[in-house]
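Working notes, structure below.
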Amino acid sequence: MIVRLARPDDFPGFLDLAGQVEHWFGPMVGEPGFHRAVKEHIHRSMALVAVSPPSNRLLGGLLFGVRAPAHHVHWLVVSEKARGRGAGRELMADAVRRFVREPGTLEVVTFGADHPGAVVGGARVFYERLGFEPAEVADPGPEGGSRQVYRRAVAPREDTRL
């Protein structure tokens, strides 16, 4: 597996990943706003992909943002076939290496405890294993499901062996 900056030709792969999780996140594949967000993150070099050589098939994708002192995981999805194999962990480690430049927090909004994606997708356990802690409740997702902020402190150039 290789983690690298996303390129414009990775856009269809992001849509494929989105299609695998719309039942948890709500509509994305046909949403112009999602298309714009992915393309903007790619253009600003704030999107990462995990690919499987030699096919370059996307195993996962991550959209990242920084508004110092907070660093935000805007979107992280690993393909159904690649879950549990380290793609999410590698994407997060690479994001910290590339994008975290100063002390602050690393934040993500994930599923609330009662959301089906929290259990089936394992999102909350995934972030807890990376040192995140549950914080405040967030606004519901577009599909109406509960959301919660997860947060952890970060230091510049921290150990990325998450």
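The values are calculated or read from the model by the stated rules, or taken from the named source; none is laboratory data. These numbers were taken from a predicted model, which means no experiment stands behind them. Every residue, glycine as well, gets a Cβ built from its backbone with ideal geometry; the counts of neighbours run over all protein chains shown. Surface accessibility is based on the protein's heavy atoms, side chains included, excluding ligands, DNA and RNA. Shrake-Rupley method; radii C 1.70, N 1.55, O 1.52, S 1.80 Å.
Here are the numbers for this structure:
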{"quantity": "Candidate set: region 87-114, residues that are among the acidic types (Asp, Glu) and either in contact with a helix residue (DSSP H, G or I) (Cβ under 9 Å, 6 or more places away or on another chain) or within 16 Å of PHE64 (Cα to Cα) (or both); chosen: the one least open to solvent (accessible area, probe 1.4 Å)", "calculated": "ASP94"}
{"quantity": "All helices (runs of 4 or more DSSP H) inside region 71-162 with 1 or more residues being farther than 20 Å from VAL3 by Cβ, without any contact (Cβ under 8 Å) to a residue 40 or more places away in the chain and touching a Ser or Thr at 6+ places or on another chain (Cβ under 8 Å)", "calculated": "116-120, 123-129"}
{"quantity": "Matching residues in region 13-28 - criterion: being open to solvent by 20 Å² or more (accessible area, probe 1.4 Å) and more than 17 Å from VAL78 (Cβ to Cβ)", "calculated": "PRO27"}
{"quantity": "Sole exception among (1) assigned to a strand (DSSP E or B); (2) open to solvent by 20 Å² or more (accessible area, probe 1.4 Å) for PHE34, by number", "calculated": "(1)"}
{"quantity": "Per-region count, region 47-70, residues in contact (Cβ under 8 Å) with a residue 40 or more places away in the chain and surrounded by 20 or more Cβ atoms within 10 Å (Cβ to Cβ)", "calculated": "9"}
{"quantity": "Residue satisfying all of: in region 120-133; open to solvent by less than 90 Å² (accessible area, probe 1.4 Å) and not aliphatic (A, V, I, L, M); farthest from LEU106 (Cα to Cα) among these", "calculated": "GLY121"}
{"quantity": "Given (1) within 13 Å of the chain's Cα centre (by Cα); (2) open to solvent by 20 Å² or more (accessible area, probe 1.4 Å); (3) modelled with pLDDT under 95, index of the condition GLY84 fails", "calculated": "(1)"}
{"quantity": "Selection from region 134-158 of residues that are open to solvent by 20 Å² or more (accessible area, probe 1.4 Å) and touching a helix residue (DSSP H, G or I) at 6+ places or on another chain (Cβ under 9 Å)", "calculated": "PRO134, PRO142, GLU143, SER146, GLN148, ARG152, ARG157, GLU158"}
{"quantity": "Test for GLY117: is it open to solvent by less than 80 Å² (accessible area, probe 1.4 Å) and more than 20 Å from LEU62 (Cα to Cα)", "calculated": "no"}
